[in-house]
Each structure stands twice: as structure tokens, then as C-alpha cells.
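Participant: My questions will all concern the structure given below.
The values are calculated or read from the model by the stated rules, or taken from the named source; none is laboratory data. None of these values were measured; they are calculated from a predicted model. As a convention, Cβ positions derive from the backbone with ideal geometry for all residues, glycine included, and neighbour counts pool all protein chains shown.
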Amino acid sequence: MSHSRPEMFKWVAYAFLLLAVHILETTAGLRPGFFGYTAYLMPFLVAFVALFEGRFGAGCFGFFAGLLLDLSNVGPEGLWPAYYLLFGALSGYFALKYFRSTLAAGLIFGTAALVVAFFFQYVFYFFPVYGIPALFSAKTLFSELLVSMVFSPFVYFPVRYINRHFAEMN
């Protein structure tokens, strides 16, 4: 029983971090950014958890991250939980098999998640509804990706601290 307690507290700490990132991203005026471009930290948070926890933990964490996004965003219901569940499980699988738990590896996974999410949003929402040109959308994607990468260490270091702190307890 003593082995499961630190594990439970670790996931509670991850849940508080998820809630803090969600509040930061969805509250007007709190979202970090530069020159009108905003940072998307949720894909990077799921990617960093995948680096340390593997496919099952990251898949479950991604599902709950997507559920929070789904509850606060307008869009097809159930898309974000399914997307982040799949992304968390796949990135957790590849992270444990081929990558080390470093910031650079997390940036690779987070970038991939953000690019795929932007691509689907553009193809299925921005272009059909608003007719936004692809070049303008690509410029916006690149700018917001850079801003997100700048702010992503503020998510990586708490995830690494939580993982190391509770690994020492076991």
C-alpha cells in the first residue's frame, strides 16, 4: 500500500499542473504570448508527461487534458479527448522506446502535436468556414509554434520536478 501512495500523489500533482495550465490558457488576459501570438502549452504538457510516464500514463493524462479543452472550447465534441489520448499514448510509446527524457525530445513531440492539431483545425474549420488562405495560416502556425516553444520550459521543469521528486520517494 505504501508503494501506491506516492504514485497517487504524483498524479494529483500532475492534475494540479494540468489545471494550472488549463486556467492559464483559457482565462482572458492570462495566456502568455508575444506580439499578438499566443502560446499553446497543453500539447507540450502532454508531451512532457509522456516522456516521463510512458504510453499508458500519458494516454490517460492526455484524455483528461483533452477533456478540459473540450469543455472550454467550441468545436466538435469529443475531438480533443480522443486526439490527446492518441497523441499521449503514441508519444509515450516512442519516448520510452527511442528518446531520452530531455527538453529537446519534449519539444519534438509537442511541436508535432501542435502542427497536427493546427492542420486539422485549418482543413476542417478555418478554410471551409472563413476561407483563410493557407499561407496566412502557415505564418500564424509558425509564429504561435515559436512562442509556444519559448514558454514550454515553464511546463517542462515542473513535470520533471514532480517525476524526480516522487521517484526519489520510491
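Participant: Does residue 16 count as farther than 23 Å from residue 150 by Cβ, at pLDDT 90 or above and either among the small types (Gly, Ala, Ser) or surrounded by 16 or more Cβ atoms within 10 Å (Cβ to Cβ) (or both)?
Facilitator: Considered against the rule, which asks whether it is farther than 23 Å from residue 150 by Cβ, at pLDDT 90 or above and either among the small types (Gly, Ala, Ser) or surrounded by 16 or more Cβ atoms within 10 Å (Cβ to Cβ) (or both), residue 16 comes out as no.
Participant: Can you tell which of 85, 107, 96 is over 17 Å from residue 33 (Cα atoms), in contact with a Gly (Cβ under 9 Å, 6 or more places away or on another chain) and modelled with pLDDT of 90 or more?
Facilitator: It is 85.
Participant: Every residue in segment 133-170 that is polar (S, T, N, Q) and under 16 Å from residue 103 (Cβ atoms), please.
Facilitator: Of everything in segment 133-170, those that are polar (S, T, N, Q) and under 16 Å from residue 103 (Cβ atoms) turn out to be 148, 152, 163.
Participant: Something else: Residue 126: within 11 Å of the chain's Cα centre (by Cα) and of a type outside the set (Asp, Glu), yes or no?
Facilitator: For residue 126, the condition - within 11 Å of the chain's Cα centre (by Cα) and of a type outside the set (Asp, Glu) - is not met.
Let's see how each residue does on (1) surrounded by 16 or more Cβ atoms within 10 Å (Cβ to Cβ); (2) hydroxyl-bearing (Ser, Thr, Tyr); (3) under 22 Å from residue 80 (Cα atoms); (4) in contact (Cβ under 8 Å) with a residue 24 or more places away in the chain:
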| residue | (1), (2), (3), (4) |
| --- | --- |
| 99 | yes, no, no, yes |
| 117 | yes, no, yes, yes |
| 134 | no, no, no, no |
| 140 | yes, yes, yes, yes |
| 156 | yes, yes, yes, yes |
| 163 | yes, no, no, yes |
